[in-house]
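> My questions all concern the structure below.
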């Protein structure tokens, strides 16, 4: 599940008011966050500051695939991978990859809208 800080705060406040202990989910990198507990196991509740307000997006990661044309590579369109940065003792290079995310079963994802933020 993915949302912004205000919706996560509202979910946390809901659990705190019911005097329940909040389950935490440990993510890669050592970050701990909230989890939504179901009978099938915990679903991580991830915060993204760029996520639109008053919404929760649910994604089934097993049904998403990253399609890419090729692996990462450096752009070499003008004969050199490196270009001089004007006014500095530095060089610049551009790394790129053309990719797209595809959903195999779109009905496994959801959107909860019109949620009051906390």
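> Applying the selection to region 98-118, what residues are assigned to a loop (DSSP other than H, G, I, E, B) and exposed (fewer than 11 other Cβ atoms within 10 Å of the Cβ)? Talk me through it step by step, then tell me what you get.
Initially, region 98-118 is screened for residues assigned to a loop (DSSP other than H, G, I, E, B), giving 98, 104-105, 109, 114-118.
Matches in region 98-118: 98, 104, 105, 114, 116.
> Identify the residue in region 1-26 that is in a loop (DSSP other than H, G, I, E, B) and surrounded by 11 or more Cβ atoms within 10 Å (Cβ to Cβ) and, among all such residues, is modelled with the lowest pLDDT.
Step by step, filter region 1-26, then rank; the result is 22.
> Next up: Quick check on region 64-74. Is at least one of its residues surrounded by 12 or more Cβ atoms within 10 Å (Cβ to Cβ), within 17 Å of residue 10 (Cβ to Cβ), modelled with pLDDT of 85 or more and within 15 Å of the chain's Cα centre (by Cα)?
no
> Limited to region 36-51, what total is found for residues that are under 15 Å from the mean Cα position of the chain (by Cα) and surrounded by 11 or more Cβ atoms within 10 Å (Cβ to Cβ)?
Residues meeting the conditions: 7.
> Looking only at region 84-95, count how many residues are surrounded by fewer than 10 Cβ atoms within 10 Å (Cβ to Cβ) and part of a strand (DSSP E or B).
Of the residues in that region, 1 qualify.
> On the given criteria, is residue 37 out of contact with any helix residue (DSSP H, G or I) (no Cβ under 7 Å at 6 or more places or on another chain) and at pLDDT 90 or above? So that I can check it myself, show each step before the final result.
Details: out of contact with any helix residue (DSSP H, G or I) (no Cβ under 7 Å at 6 or more places or on another chain): yes; at pLDDT 90 or above: no.
Here the answer is no, as residue 37 does not meet what is asked.
The values are calculated or read from the model by the stated rules, or taken from the named source; none is laboratory data. A quick note: this is a predicted structure, and the numbers were derived from the prediction, not measured. Virtual Cβ from ideal backbone geometry, glycine too; neighbours counted across all protein chains shown.
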